[in-house]
Structure formats: C-alpha cells, structure tokens
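Notes to accompany the following structure.
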Amino acid sequence: IEALKDIEYHLSDIDMARDFYTLGGWPYLLSLLSDSVHYRAVAPVNETSSEFMEITAEKINAIQMYAAWVVGTAVKNTEEFHGWATEKVILVEPGKENDGNEDARSEPLSAISLLISSLKASSSAVSGGKKYFNMERQKNLYALGGLLRGNRSAQRHFIELGGPDALVKTVSESIESAVERKYASRTLLLADDIIADLVLHGIEDGLSEEDVKNWIHKFTSPGWCDLPIRMLGISNVPIREKAIQSLGTMSPYCIESSEDAWRKEASDALKKVQRELMQGGMITNGGEGEDGLNPEYRKELVDLAAGVLDGLTS
C-alpha cells in the first residue's frame, strides 16, 4: 500500500507516467485490480478461519483501492495515454509465470474490464460489510473518469461490456449520507460529461449518428434518468446545481425513452427547487438571502432551472 501511494505521487508527473508504462509497469498495476491474482497468492496459506479471510479481504480491498487511484492519476485524461484504457493484458497466477500452464493464465483483460468487475462487486456488496467500500467506489470512479473522458475507444469498450448499467447500479438507493451524495453526484457528472461530449464532438470524431444515439441511450436508461431527479431532492446547493445541469443534458433523451410520468416527475422536482430557492431568497442586511446564497448566484440557479423546465414542458 505504501508503495502504491509513492507510485501515485510520482505518476502525477506526465513524464514519469510515460516511463512507468514504457518500462512495463502497466500490466503489473492492472493485475492488482483483479481478485483472482490476490486470492491465488494467498491460497497456499494453510489458514481458512473466518477472521483470517476477513482480514485478507480487507487488505485486498485496500490494495485494489489504491491501485485504482494510481490508474486514474497515471492516465488523467491525457490523449497520449488513451490506448492504455483498452490495451489487453493477460494475468498470470503468481509463481507460474514460466511454467506454460494455460490454466494459470487469464483471458485478455483491460483496465476498463477490470474496473467494471470492481463496479459489479461493489454494487452487490453491503456498504457496512466492507471496510473500504466507499473509498474503493470513489477511486474506481476516479479511474474511470480519467480513462473515459474524451476517449472514444474507451467509451466504446465500456459500453460494449455493460459499463453504464454497472456504474449506475453502484449508486445506493439511499443517498442521505454526505459520502453517498458525493459519490452519486460525481457519478452523475461523469455521465453528463460523456453525453455532452458525444453531442458536441461525436460526429466529428468519426462516430455515426446511430452510434451517438445508441451510446447516449446507454447513459439515459431509467436508472440514469432517475438519478438527477433524486439528486434534486438533496438540500445541498452545489449538488442541486449539478443535478439541474445534468437534467438539462439528459432530458431530451430521457423523454424519448420514458413515459409521461418521468417528464412530470422531473418537472415537479424542478418546480420544487425553484420555489425553495425563491422562498429562501428574502434579502437580509448583508445582501444575501436567509440561506446565505449570493443574489446573483441565486438568480443564475433559478434561471438555469427555468431553462430546463421549459425544455421539459415544451
């Protein structure tokens, strides 16, 4: 873990990241994201007590969390490194690198496929049951953000492997805690960024209109379309602002694929936010509303919500 922390620090430098890849570090880093590599390494240990296995699982989760953090820092949306996202690696069971046993070798994997596996594992886990549950999700999301933003080949690979569906399922049904809100908001922001980028640059990047439509559809499934509405119910102004922006980006595609009930639910949520903004906007002597918002910022939020509402009701 300490080694991964040191590597993450050094790979924040683009030249160091390039050298790390050139010297063959990338496959070894990705191997740390895999469950099988870790559990095969501890399998020979003659210890099967529940306490031992629990401690082992916690250590593996911690290593995977820091490995995902290093992956995100290494790529950091750098176009030169886009190919790393989909590059295939074959993981080998520890200690059997040279014995020619095909059973000790994995199918070809990539950073994207390994992170999707982590997403699926986290969506099926109970948050209280894993010590590093929340931090692991956040670092996986951080890594995916670096790999996917502006990277068409990575986005295609992510979509083909069912990544959008796996990602939205990691957002908990309950988003009441600050940690859950932060994760849900950042997840929504990643989808918003990808959709907006596809709308603006998808065609010029060589995608067909059908590809653009189909890819956006993967990020505007019912689960995705429901997320900004849920986020609007949170009494946190920055989170609400991001939710309004995302709703504006997603709504044309959510309307196409949903019933009128979704349009009404989204409209009602926006109207509620507008009312709360205006009700909290009585000016005090300090020039701010009772909720502490700057009047100009408040007006921007009300206007933003009104613009999205117009699109929903027109």
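For the set Y9, Y66, Y142, solvent exposure ranked by accessible area (probe 1.4 Å, protein chains only) runs largest to smallest as Y9, Y142, Y66.
Full extension of the chain segment joining I203 with V179 gains 5.0 nm, where the gain is 0.36 nm per residue of separation less the Cα-Cα distance.
H82 contributes an accessible area of around 40 Å² to the protein surface, as traced by a 1.4 Å probe with all chains present. For the residues T313, T73, a 1.4 Å probe over the protein chains yields an accessible-area ranking, largest first, of T313, T73. Would you mind checking K182/K242; K76/K218; K242/K271; K272/K299; K242/K299 for any pair whose Cα atoms are more than 21 angstrom apart? Listed pairs above 21 Å: K76/K218.
Modelled spin-label separation between K299 and E107, with each label point placed 7 Å from Cα along the Cα-to-Cβ direction: 5.8 nm.
The values are calculated or read from the model by the stated rules, or taken from the named source; none is laboratory data. Being a predicted model, the structure only gives us computed values, none of them experimental. No Cβ is skipped: glycine too gets one built from the backbone with ideal geometry, and neighbour counts run over all protein chains shown. Quick note on the areas: whole protein, heavy atoms, side chains included, nothing else; ligands and nucleic acids left out. Shrake-Rupley method; radii C 1.70, N 1.55, O 1.52, S 1.80 Å.
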